[in-house]
Amino acid sequence: MSKVSTETPLVKLHGKTHKHDKGYFYVTPFGDQKYRQREENYQQKRSPQQLWHTESFVWAHKQIRELWQDAQARKQVEKDWKDAMRRTPDGRVYKDSKGWKFALLQLQWKTEHPFEPWYEDYLRHLSEVAAEKTQAETTSQYMLRHQIKILSDQLAELKARLNSK
């Protein structure tokens with residue numbers, strides 16, 4: 001990151017200025033303009049842990065939107081935030097009640113959906129979708145290869161079980 005100053009301080013650049021640029025401009029909450037170079041592959045491959053975090057993030061956003069539409073619920077959250085001395089159970093301190101409640105909602109989702117069972121359900125869902133797609137009339141080569149891989153893994157596991165007996 002590097003601090004960038006433009007000729008006219010009123011104009012702040014946002015995003016890429018050209019499609020071939022390696023980085024993008026952004027403005028910090030303090031009003032400083034910065035430029036960041038980053039390879040844009042972060043949306044392509046995501047680990048199961050990242051997907052799990054994303055699910056908690058999406059759920060918490062939905063809940064916080066519903067809470068913040070109700071003025072009475074918002075006042076209750078602010079009261080709870082003050083009663084908790086602006087801290088979450090893990091000890092982090094939050095400047096505002098909305099961020100505090102958001103962190104609690106994420107924590108709530110993660111405790112209700114532990115990673116290991118969630119990951120098993122996620123894999124089961126992926127294999128069901130793959131099975132449905134391979135049985136469809138217009139099956140892609142990727143789905144066929146994926147199904148072959150799953151079946152060959154099952155075959156290897158069965159062979160190993162047979163050899164161990």
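The values are calculated or read from the model by the stated rules, or taken from the named source; none is laboratory data. Bear in mind the structure is a predicted one, so any value in this text is a computation, not a measurement. Backbone-built Cβ (ideal geometry, glycine too); neighbour counts: all protein chains shown. For the accessible areas, the whole protein counts, side chains as well, though only heavy atoms, and no ligand, DNA or RNA atoms are used. Shrake-Rupley method; radii C 1.70, N 1.55, O 1.52, S 1.80 Å.
Every residue in segment 78-103 that is over 16 Å from the mean Cα position of the chain (by Cα) and under 17 Å from residue 62 (Cβ atoms), please.
The answer is 98, 99, 101.
Does any residue of segment 32-44 turn out to be under 25 Å from residue 117 (Cβ atoms), modelled with pLDDT under 90, open to solvent by 50 Å² or more (accessible area, probe 1.4 Å) and assigned to a loop (DSSP other than H, G, I, E, B)?
No.
If you go through segment 48-67 one residue at a time, do you hit one that is surrounded by fewer than 16 Cβ atoms within 10 Å (Cβ to Cβ) and not in a helix (DSSP H, G or I)?
Looking through segment 48-67, none of the residues is surrounded by fewer than 16 Cβ atoms within 10 Å (Cβ to Cβ) and not in a helix (DSSP H, G or I).
Mind checking which residues of segment 107-154 are over 29 Å from the mean Cα position of the chain (by Cα), open to solvent by 60 Å² or more (accessible area, probe 1.4 Å) and either of a type in the set (Gly, Ala, Ser) or modelled with pLDDT of 90 or more (or both)?
none
Is there any pair linking a residue in segment 93-110 that is over 10 Å from residue 77 (Cβ atoms) to one that is of a type in the set (Ser, Thr, Tyr) and open to solvent by 20 Å² or more (accessible area, probe 1.4 Å), with Cβ under 7 Å and at least six apart or on different chains, and which?
Correct list of pairs: 103/94.
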